[in-house]
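Asks: The structure's right below; bear with me while I get my questions together.
The values are calculated or read from the model by the stated rules, or taken from the named source; none is laboratory data. Everything quoted here is computed from the prediction, not taken from an experiment. Ideal geometry is used to build each Cβ from the backbone, glycine not excepted, and the neighbour counts take in all protein chains shown.
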Amino acid sequence: MSSPSTFDCFGLVIHGLNADEAFKRADLTLVHGGQVFIVTTNPEILLEAKRDPAYWEILRKADLRLVDSFGLKIAGLLSGAILNRLTGVDFAERLLQESLTRGWKVGLVGGAPGVADKASWKIREAYSDLSIMSEVGGYVENDGSDDEAGAEARMRLTQYAPDILLVAFGHPKQEAWIARHLAEFPSVKIAMGVGGTLDYWSENVKRAPAFIRSMGLEWLWRLFQEPTRWKRIFNAVVVFPVKFLISKMGGGRTMNNER
């Protein structure tokens with residue numbers, strides 16, 4: 001009997017799918033006319049969801065919660081699940097490839113000023129026939145609401161009518177923004193929070209070499225690059241495993257999400 005490809009973490013189902021499986025799952029929803037909301041789940045996101053019930057509910061409503069960290073893969077193993085790790089940047093790359101094949105338009109929103117624009121130019125260099133538009137998106141609150149600049153960016157994006165919408169406000173803002181505004185974009189087939197992906201695409205931040213990623217040591221690479229991230233890395237590497245083990249022993253939120 002094969003091991004499951006999902007597991008429960010703080011009451012949320014985490015989907016340990018590879019890129020093909022994840023896209024096929026999304027494609028099935030699209031066939032039936034739905035919109036797909038994808039979360040690239042990592043320990044920081046789950047710790048925030050455990051702390052904030054409103055954010056937890058947003059994540060619960062997502063169609064897919066992918067395994068975007070080695071720590072989650074280990075947590076799955078402790079739960080008896082064999083998971084594929086699929087990082088946000090890798091699946092976002094897959095979405096670009098699918099968009100090129102299918103003639104879909106891509107929208108980027110978020111990131112520091114200039115990052116989304118630079119990322120879009122780098123993408124055009126790699127995919128010259130891909131239609132892509134970028135917006136900074138204004139200031140976003142934790143509940144997903146934004147300012148006047150954000151409203152104007154949303155208006156321009158709706159006029160552009162992207163099929164794929166990649167949102168880079170960082171958690172919990174990006175997931176809350178998608179949950180609040182996705183219905184305003186009837187053209188969008190797949191929306192996904194992508195965190196620091198635009199930093200990688202713009203080449204403002206260098207991604208860890210493949211052999212470091214294969215060992216699950218991106219956190220160490222990022223710590224050397226950005227020492228100010230030490231608190232976030234401590235939460236992911238130390239706090240999350242402790243809280244997850246406590247939840248496994250009966251101290252966590254009960255599972256009520258069957259997707």
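Asks: Just to be sure, is Gly76 under 21 Å from Glu21 (Cβ atoms), at pLDDT below 95, surrounded by fewer than 21 Cβ atoms within 10 Å (Cβ to Cβ) and assigned by TED's automatic domain parsing to the domain that holds Asp163? Write out each step before concluding.
Replies: Numbers: under 21 Å from Glu21 (Cβ atoms): yes; at pLDDT below 95: yes; surrounded by fewer than 21 Cβ atoms within 10 Å (Cβ to Cβ): no; assigned by TED's automatic domain parsing to the domain that holds Asp163: yes.
Considered against the rule, which asks whether it is under 21 Å from Glu21 (Cβ atoms), at pLDDT below 95, surrounded by fewer than 21 Cβ atoms within 10 Å (Cβ to Cβ) and assigned by TED's automatic domain parsing to the domain that holds Asp163, Gly76 comes out as no.
Asks: Then there is this: Examine region 16-28 for a residue that is in a helix (DSSP H, G or I), under 17 Å from Ala191 (Cβ atoms), aliphatic (A, V, I, L, M) and free of Cβ contacts under 8 Å to residues at least 40 places away in the same chain, and state whether such a residue exists.
Replies: yes
Asks: State whether one or more residues within region 236-249 are under 14 Å from Phe10 (Cβ atoms), in contact with a Pro (Cβ under 7 Å, 6 or more places away or on another chain), in a helix (DSSP H, G or I) and at pLDDT 70 or above.
Replies: So far as region 236-249 goes, yes, one or more of its residues are under 14 Å from Phe10 (Cβ atoms), in contact with a Pro (Cβ under 7 Å, 6 or more places away or on another chain), in a helix (DSSP H, G or I) and at pLDDT 70 or above.
Asks: Could you go through region 130-137 and let me know if any residue there is over 29 Å from Ala49 (Cβ atoms), modelled with pLDDT of 95 or more and either not in a strand (DSSP E or B) or not assigned by TED's automatic domain parsing to the domain that holds Thr87 (or both).
Replies: Restricting attention to region 130-137, the residues satisfying the condition of being over 29 Å from Ala49 (Cβ atoms) are 130-133.
When the remaining residues are screened for being modelled with pLDDT of 95 or more, the result is 130-133.
Subset that is either not in a strand (DSSP E or B) or not assigned by TED's automatic domain parsing to the domain that holds Thr87 (or both): 130.
Yes, that holds for at least one residue.
Asks: Taking Ala116 and the conditions (1) part of a helix (DSSP H, G or I); (2) touching a helix residue (DSSP H, G or I) at 6+ places or on another chain (Cβ under 6 Å); (3) closer than 20 Å to Asn18 by Cα, which numbered condition does it fall short on, given that it satisfies the others?
Replies: Checking Ala116 against (1) part of a helix (DSSP H, G or I); (2) touching a helix residue (DSSP H, G or I) at 6+ places or on another chain (Cβ under 6 Å); (3) closer than 20 Å to Asn18 by Cα, the one that fails is (3).
Asks: Can you run down the residue pairs with Cβ atoms below 8 Å, 6 or more apart or on separate chains, where the first is in region 149-173 and at positive phi and the partner is of a type in the set (D, E, K, R)?
Replies: Pairs that qualify, where the first residue is at positive phi and the partner is of a type in the set (D, E, K, R), are Ala161/Lys105.
Asks: Which residues, taken from region 96-116, are surrounded by fewer than 17 Cβ atoms within 10 Å (Cβ to Cβ) and modelled with pLDDT under 95?
Replies: Within region 96-116, Ala112, Pro113, Gly114 qualify.
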